[in-house]
1. On full extension of the chain, what length is gained from residue 228 through residue 29, given 0.36 nm per residue of separation minus the C-alpha to C-alpha distance?
2. Amide H to amide H, which residues 5 or more places from residue 135 or on other chains are under 5 Å from it, using H placed in the peptide plane?
3. Full-extension gain between residue 14 and residue 104, please, as 0.36 nm times their residue separation minus the C-alpha to C-alpha distance.
4. Hey, can you rank 120-126, 209-215, 24-30 by average C-beta count inside 10 Å, highest first?
5. If you place +1 on the Cβ of every Lys and Arg and -1 on the Cβ of every Asp and Glu, how big does the dipole about the Cα centre of the chain come out, in debye to the nearest 20?
6. If contacts are Cα pairs under 8 angstrom and at least 6 residues apart, what is the relative contact order of segment 1-155 in percent?
7. Spin-label point model (7 Å from Cα, Cβ direction): what's the residue 38 to residue 141 distance in nm?
8. Give me the Kirkwood hydrodynamic radius of segment 5-233, using the inverse of the mean 1/r over all pairs of distinct Cα atoms, in Å to one decimal.
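The numbers here are math on the coordinates, done by the rules we state, and not lab data. Computed from a prediction, not measured in an experiment: that's the story for all the values here. No Cβ is skipped: glycine too gets one built from the backbone with ideal geometry, and neighbour counts run over all protein chains shown.
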Amino acid sequence: MAETFPALVADLLRTDPGRPLVTFYDDATGERTELSVATWANWVAKTASLLVEELDLERGDRIHVDLPTHWLGPVFLGAAWTVGLVVVDSPEADVIVSGPERLEEHADRGAPVIGCALLPLGGRFPDGVPPGVHDFGVEVWSQPDSFVPWDPPGPDDEALPGRTHRELLAPTADEGLLGDGGRLLTTANPASPSGLASFTEPLVRRGSVVWVRHADPSLWEHRRATERATAVWSPAHPARS
């Protein structure tokens, strides 16, 4: 069993790189994005390089990911833990990742800010960003497709405050969200403390996730069937097999 996040990613790439891992729907815009293990790992590598090479972040630094339910949430979590950053639920951090809604607010905090327009294919802000903000959709594309941390996290390094890499990647209990190799349909926000398990549990169990933003209730059961979900998790649809 992998005991650090970089080791887990390497294992996933070695064993099943073409398997779908992340699927995202936005029912308000009609967007559907799907990332295989390899494609997700590529985004993680580029984002990790951005964090290190452009923002000079190091193992043990803190990152706050303030994004709604979106496929970029798992990308930034993966990049942060690849570098050895601690993901915190507070803007009192060494870097802040922000969506459009709170970008101006975070830009005034003094910490470096990475702005995400949340457009398809990770596109840039069409009207630019406030001074000092890094536009993810501009800067990520110049980063390399692979990344190996020069100072990788160890099993006892924190991934979350008070929770190590070893603890984050420990197998979940039988009463978890889904079984090994399962597919989860959820409206949870993976970048939030309450929704973090929607990312970490399927990852550890070699499963996959379908995240839905602005979920249309009338599409829920149809989507469950078409995406072949084995479990669902949302406030309106409690987890069930």
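1. 69.4 nm
2. 115
3. Full extension of this stretch gives 28.3 nm more.
4. In descending order of packing, they fall as 209-215, 24-30, 120-126.
5. That gives a dipole near 940 debye.
6. In percent, rounded to a whole number, it is 24.
7. 2.2
8. Hydrodynamic radius (Kirkwood, Cα only) of segment 5-233 equals 17.7 Å.
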